[in-house]
1. Please state which of the following conditions Leu167 fails to meet, knowing it meets all the rest: (1) over 30 Å from His30 (Cβ atoms); (2) free of Cβ contacts under 8 Å to residues at least 24 places away in the same chain.
2. Provide a single number: the residues in the stretch 83-113 that are open to solvent by 70 Å² or more (accessible area, probe 1.4 Å) and either hydroxyl-bearing (Ser, Thr, Tyr) or within 27 Å of Glu270 (Cβ to Cβ) (or both).
3. Any residue in the stretch 109-121 that is farther than 21 Å from Ala219 by Cα and assigned to a loop (DSSP other than H, G, I, E, B) sitting within a Cβ distance under 8 Å of a residue that is open to solvent by 10 Å² or more (accessible area, probe 1.4 Å) and modelled with pLDDT under 95? List the pairs, counting only those 6 or more apart or interchain.
Amino acid sequence: MGTPRADFTLDDALDAEIARAADRVRGAEHVVALTGAGLSVESGIPPFRGPGGLWTKYGEPPMDGYQRFLRDPKRAWEERLEPSAPWAKALGETLAAAKPNAGHRALAELERRGACAAVITQNVDDLHRQAGTRNLLEIHGNHALLRCSQCHARFTNDELPVDPAALPPHCSACGGVVKDDTVHFGEPIPPDVLRGCFAAVEACDCMLVAGTSAMVYPAAEFPLEVLRRGGEIIEVNPEETELTSLSVQSLRGPGGAVLERLLHHVAAAEATA
Ligand SMILES: [Zn+2]
């Protein structure tokens, strides 16, 4: 699988465009980034759908994954610990090997500098967390975490060791059944995450949309809500998307290279301010 960065060179016109975007980011009150699969392609994580997609290659996972879990959590856990489906195995190996790229790192650094208030991601790959982003809203959960189905407490594997002889695991806080944090087909978005997203979006006057066309609910709502409230959208995507015509700027390049350069311009402007 190729990375889009290999055959990409950032030319002067794009760099000037990115510098203008950096001015917008610096001038905004509350920047929120919305990211999707495109940002993690450069970390070696293939998208689910489309050419080269995991599900294209191995077939789609069951569309009733959450119902199956509710019906038989023990069996769902057994399947998670010893995946038999080829797509689950391939995904597990890919996620275990993936590392954050320049795009993830740039967003974390923008947050440290006070230039990005929150990251909302559709990715479950843990790479924003590994890069150091703190105010992170993972709409579809995080494959590396566990979540209580009752009180929504999150646990790492170290915090809640899973005993294969006593499945499913139970929450140490409330005793509820614990599942993996990844949001399965048919599973509602965890309400605490959704509340966090809406709070971030309500305050947002500049949304950086990177590596996603944001066509799927609830992510699709967020840029539209920012626009309704008078804010702006800056798109970072190698391809034109449905959001392009709604964006004040579209930065045509892979997230890693473009966001790294955006950070550079924000930092340079701060240094001379
Ligand atoms: Zn609980």
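1. (2)
2. Of the stretch 83-113, the ones open to solvent by 70 Å² or more (accessible area, probe 1.4 Å) are 84, 86, 89, 93, 96-97, 99, 105, 112-113.
If we keep only those that are either hydroxyl-bearing (Ser, Thr, Tyr) or within 27 Å of Glu270 (Cβ to Cβ) (or both) as well, we get 84, 105, 112-113.
Residues in the stretch 83-113 being open to solvent by 70 Å² or more (accessible area, probe 1.4 Å) and either hydroxyl-bearing (Ser, Thr, Tyr) or within 27 Å of Glu270 (Cβ to Cβ) (or both): 4 in total.
3. Arg113/Glu270
The values are calculated or read from the model by the stated rules, or taken from the named source; none is laboratory data. Quantities reported herein were computed from a predicted structural model and do not represent experimental measurements. Cβ coordinates were reconstructed from backbone atoms using ideal geometry, including for glycine residues, and neighbour counts include every protein chain displayed. Side chains included, ligands, DNA and RNA excluded: accessible areas come from the protein's heavy atoms. Shrake-Rupley method; radii C 1.70, N 1.55, O 1.52, S 1.80 Å.
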